[in-house]
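The values are calculated or read from the model by the stated rules, or taken from the named source; none is laboratory data. Every value quoted in this text rests on a predicted model; they were computed, and no experiment measured them. As a convention, Cβ positions derive from the backbone with ideal geometry for all residues, glycine included, and neighbour counts pool all protein chains shown. Heads up: the accessible areas ignore ligands, DNA and RNA and are worked out on the full protein's heavy atoms, side chains in. Shrake-Rupley method; radii C 1.70, N 1.55, O 1.52, S 1.80 Å.
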Amino acid sequence: MAISNKKLSESDVTKNLLKISEWTVNTKSTELSKVFDVPSFVTGLAFIAKIAVHAEVMGHHPIVELSHTKVKVKLSTQDVKGLSRLDFELAKRIDAFNH
C-alpha cells in the first residue's frame with residue numbers, strides 16, 4: 001500500500017506531530033526534524049545506515065547530518081514543497097528502531 005505524498009494542511013501537521021515524540025516542525029510547516037544522541041561516531045554511522053534502508057524502501061530520502069555524538073534528521077516532501085504522510089511515517093519508523 002503506497003503512502004500518499006499529498007501536502008498536509010497545518011491542522012493535519014499538528015495532529016500528526018502529536019503521534020511522534022520530540023520531532024519539531026519549522027515555522028513554515030515545511031520541515032520535520034529531530035536530533036538523536038548517539039554514544040559514538042561509529043554508532044551514529046550505523047544509525048544512519050538503518051535510516052538509509054528505510055528511506056530507500058519508502059523512496060523518501062531525508063537530510064541527515066552526523067557530528068561526533070549527534071545525528072540530525074530533517075524530513076520534507078520536495079514534490080509538495082511541504083510535509084506529507086511520508087515524512088511522518090518515516091519519522092515513526094526511525095523512532096521505532098532507535099529504541
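Number of residues in the range 22-56 that are under 13 Å from the mean Cα position of the chain (by Cα), surrounded by fewer than 12 Cβ atoms within 10 Å (Cβ to Cβ) and polar (S, T, N, Q): the value is 1. If the condition is being open to solvent by 70 Å² or more (accessible area, probe 1.4 Å) and either among the hydroxyl-bearing types (Ser, Thr, Tyr) or within 17 Å of Lys92 (Cβ to Cβ) (or both), then the range 57-77 contributes Val57, His61.
Of the residues making up the range 9-21, those that are surrounded by fewer than 13 Cβ atoms within 10 Å (Cβ to Cβ) and either farther than 16 Å from Asp87 by Cα or touching a residue at least 60 places away in the same chain (Cβ under 8 Å) (or both) are Lys19, Ser21.
Listed by position, the strands (runs of 3 or more DSSP E) contained in the range 10-99 that have at least 2 residues being among the β-branched types (Val, Ile, Thr) and touching an Asp or Glu at 6+ places or on another chain (Cβ under 9 Å) are 70-75. Flag set for Lys6, criterion: in contact with a Ser or Thr (Cβ under 9 Å, 6 or more places away or on another chain) and surrounded by fewer than 17 Cβ atoms within 10 Å (Cβ to Cβ).
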